[in-house]
Amino acid sequence: MTQNTIVITGAAQRIGFALAKHFVESGNSVIVSYRTERSGIATLRKIGVECIHADFSTDAGIHQFARTLAERNLTLRALIHNASDWNAEKHTDDYAALLDQMMQVHVKAPYLLNQALAPFMRTDENADSDIIHFTDYVVKKGSAKHIAYAASKAALENLTLSFAQKLAPQVKVNSIAPALIMFNDSDDDNYKRKALSKSLMNLAPGEAEIVNAVEFILNSNYMTGQSVNLDGGRALK
């Protein structure tokens, strides 16, 4: 079996890309999923990351990704659920489809992958494995503009609690709930000012903050069923 393999879903860009690059440069075997071929995937391939196309918008796509990993007979150090989708009620009048879309990627995919890949998590007496779910700051407050999205991320946080109970003590299961981490290239100065003003820290910390949080979780021998809130004090404003 391959040891110390880290699987990251949704790693074509931004946070997922930064995590994959960090872990392969740290000497780990890294496998990522991606839905859309982007320049980041070519970069990851060049540095030794195995990149597997997977579309989690369908059950078949989720199951195929799980089978592909199972066939490699891996021993997983960590399974990091970063794959995400985003849409808002203002962009559609098909609310049923919107809710299904959000729940499919943010809840069903992690649920099915955790079930399928748990047998491949390492269970040595002196070494544990980790599952990390990326949720969102809105889990605690909801969002009038992104109701389906917020509900699906809240469901994912609840999965954290259930899988922590199910897989302990060999597997620790935690979540990370970020608010603003980084801007898009298309964001204008006015939007940036408004976004920054929402937190006490008044900054967009960048991908390194996520990498630090993931490393903190991986290095812990005791923490499970918890959510690490990376919101810059936004909840206090």
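The values are calculated or read from the model by the stated rules, or taken from the named source; none is laboratory data. All of these numbers come straight from a predicted model, not from anything done at the bench. A quick note on method: Cβ atoms are made from the backbone with ideal geometry, for glycine too, and the neighbour counts reach across all protein chains shown. Only protein heavy atoms, including side chains, enter the accessible area calculation; ligands, DNA and RNA are left aside. Shrake-Rupley method; radii C 1.70, N 1.55, O 1.52, S 1.80 Å.
Mind checking the full-extension length gain between Asn202 and Glu157? Use 0.36 nm per residue of separation minus the Cα-Cα distance, one decimal, nm. Walk me through the intermediate numbers first.
Working: separation 45, 0.36 × 45 = 16.20 nm, distance 2.58 nm.
Value of the extension gain: 13.6 nm.
Output the relative contact order of the range 149-224, whole-number percent, from Cα pairs under 8 angstrom with separation of 6+ residues.
On the way: 38 pairs, mean separation 22.6, N = 76.
It comes to 30 percent, rounded to a whole number.
Anything over 23 Å Cα to Cα? Flag those among Lys140/Lys194; Lys21/Lys153; Lys108/Lys140; Lys141/Lys172; Lys108/Lys192, in the order listed.
Distance filter (> 23 Å) returns Lys21/Lys153; Lys141/Lys172; Lys108/Lys192.
Which value, in Å², gives the accessible area per residue of the chain when a 1.4 Å probe is used on the protein heavy atoms?
Value returned for the chain: 50 Å² of accessible area per residue.
How many percent of the alpha carbon pairs in the range 1-118 exceed a separation of 17 Å?
When every Cα pair of the range 1-118 is considered, 55 percent fall beyond 17 Å.
What percentages, rounded to whole numbers, describe P(r) for the chain computed over all alpha carbon pairs with 5 Å bin width beginning at zero?
Calculated P(r), rounded to whole percents: 1, 6, 14, 18, 21, 18, 12, 7, 3, 1, 0.
Among the GluC sites (Glu not before Pro) in the range 1-54, which ones are in a DSSP loop with at most 14 other Cβ atoms within 10 Å of the Cβ? Mind listing them? Walk me through the numbers on the way to the answer.
On the way: sites: Glu25, Glu37, Glu50; in loops: Glu37.
Those that pass, being in a loop and sparsely packed, are Glu37.
Using the Cβ atoms and a cut-off under 13 Å, what net charge is assigned to the surroundings of Leu112, where Lys and Arg are +1 and Asp and Glu are -1?
+1
Please tell me the relative contact order of the range 71-230 in percent, rounded to the nearest whole number, where contacts are Cα pairs under 8 Å and at least six residues apart.
Values: 228 pairs, mean separation 39.3, N = 160.
Result for the range 71-230 is 25 percent.
On full extension of the chain, what length is gained from Asp185 through Asn73, given 0.36 nm per residue of separation minus the C-alpha to C-alpha distance?
Working: separation 112, 0.36 × 112 = 40.32 nm, distance 3.95 nm.
Answer, rounded to one decimal: 36.4 nm.
Output ³J(HN,Hα) for the range 128-136: one whole-Hz value per residue in order, computed from phi by the Karplus curve 6.51 cos²θ - 1.76 cosθ + 1.60 with θ = phi - 60°, and x for Gly and Pro.
Working through the residues one at a time gives 10, 10, 9, 10, 10, 9, 8, 9, 6 Hz.
Could you grab the relative contact order for the range 41-148? Cα pairs under 8 Å, six or more apart, rounded to a whole percent.
Computed over the range 41-148, the figure is 35 percent.
Given a Förster distance of 41 Å, report the FRET efficiency between Ser57 and Glu215 from their Cβ-Cβ distance, rounded to the nearest 0.05.
According to the calculation, E is roughly 0.85.
Under the rule of at least 5 residues apart or a separate chain, name every residue whose amide H is placed under 5 Å from the amide H of Asn229.
Here the answer is Ala177, since their amide H atoms fall under 5 Å of that of Asn229.
How much length is gained if the chain between Gln64 and Gln170 is pulled fully straight, taking 0.36 nm per residue apart and subtracting their Cα-Cα distance, in nm to one decimal?
So the extension gain works out to 35.6 nm.
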